[in-house]
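The structure under discussion appears below in the form of structure tokens.
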């Protein structure tokens, strides 16, 4: 394999699939990691050429085995993109610890566990790119999704610290804040179309942001302004809002 290799963690998701298609069309080698590797195989099998594509099973919550899992990959990827996540149900998580723990582990703990392994390899090799999909939901806690949001807030802070730590080693870290995305995970939500991105938009934006070595991006720029307004609302007012 050449030095253009992308590892996609969460390749069975809609955004993971879009990223795989995006990088495949730009002649990158791919390592597609997902719990549901059968689903990944089903869309990869439709590609006219997949000779430099590897599909590997991956479990985000298998913390103890992340290091050995990474060491068994067919090569060390030059780019790692962490896509996996779990929106969950806020109202269930408020009273059910299993749901709460799944949200936290799927959006924060699992990502930190595997990216710590990869970050150390990149640091030793003096190069590499790590991109993590966080969320605008982590910018201010709201009653409708504060458990998911708190996990993403932690992930945003983790990526920021990782970027600071690895900069001197020649490793670039990108934080992605997509806003609403039209995916299976959000299918039950009534999302406003003008501020909802398609998975393909997210994939293209991530690829170009990596090429430009950007640090933090909103897939749709309007989300910067939306979140700026939300963050500026005084707490004595904000706590009374039904958000």
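The numbers here are math on the coordinates, done by the rules we state, and not lab data. A quick note: this is a predicted structure, and the numbers were derived from the prediction, not measured. Glycine also receives a Cβ, built like all others from the backbone with ideal geometry; neighbour counts cover every protein chain displayed.
So if I take the centroid of the Cα atoms in the stretch 36-115 and the same for the stretch 124-171, what is the distance between those two points in Å?
16 Å
Where does the Debye-calculated log10 I(q)/I(0) of the stretch 105-186 sit at q = 0.11, 0.27 Å⁻¹, using only Cα point scatterers of equal weight, no solvent?
Result of the Debye calculation: -0.31, -1.28.
Taking the Cβ of each residue in 232, 87 as the centre, tally the other Cβ atoms inside 10 Å and list the residues starting with the fewest.
232, 87
Once both axes come from the Cα atoms, what is the angle between helix 14-25 and the longest principal axis of the chain, in degrees from 0 to 90, rounded to 10?
Between the helix axis and the principal axis of the chain, the angle is about 40 degrees.
For the ranges 110-116, 185-191, what's the packing order if you count other beta-carbon atoms within 10 Å of each residue, average per peptide, and put the highest first? The partial results should precede the final answer.
Values: 110-116: 21.6, 185-191: 10.9.
Per-residue mean Cβ counts within 10 Å order the peptides as 110-116, 185-191.
Largest first, please: the extent of the C-alpha atoms of the stretch 47-184 along each principal axis, to the nearest Å.
For the stretch 47-184, the Cα extents along the three principal axes come out at 43, 37, 32 Å.
Run the quick spin-label model on residue 228 and residue 39: label points 7 Å from Cα toward the beta carbon, then report their separation in nm to one decimal.
So the two model labels end up 3.6 nm from each other.
Between rounded, prolate and oblate, where does the stretch 145-237 land on the alpha carbon gyration tensor, with a ≥ b ≥ c its root eigenvalues, rounded for a/c under 1.5, else prolate if a/b exceeds b/c?
On the way: a/c = 1.88, a/b = 1.28, b/c = 1.47.
Oblate is the answer for the stretch 145-237, as a/c is 1.5 or above yet b/c matches or exceeds a/b.
Taking the Cβ of each residue in 155, 236, 70 as the centre, tally the other Cβ atoms inside 10 Å and list the residues starting with the fewest. Walk me through the numbers before you get to the answer.
Values: 155 24, 236 7, 70 19.
Ascending number of Cβ neighbours within 10 Å: 236, 70, 155.
Out of every Cα-Cα pair in the stretch 184-243, what percent are more than 15 Å apart? Kindly include the intermediate steps, with their values, before the conclusion.
Working: 1153 of 1770 pairs.
Looking at the stretch 184-243, the distances longer than 15 Å represent 65 percent of pairs.
Tilt of helix 146-166 relative to the longest C-alpha principal axis of the chain, in degrees (0 to 90, nearest 10)?
50 degrees
Could you list 140, 17, 212, 61 so that the one with the fewest beta carbons within 10 Å of its beta carbon is first and the one with the most is last?
So the residues, fewest neighbours to most, are 212, 61, 140, 17.
Per residue, what volume in Å³ does the Cα convex hull of the stretch 31-113 take up?
For the stretch 31-113, the hull spanned by Cα atoms encloses 109 Å³ per residue.
Provide the convex hull volume over Cα atoms per residue for the stretch 1-74, in Å³.
Residue-normalised Cα hull volume stands at 81 Å³.
Note the angle between two axes, namely the Cα long axis of helix 199-212 and the longest principal axis of the Cα atoms of the chain, as a number of degrees from 0 to 90, rounded to the nearest 10.
The helix 199-212 is inclined about 70 degrees to the chain.
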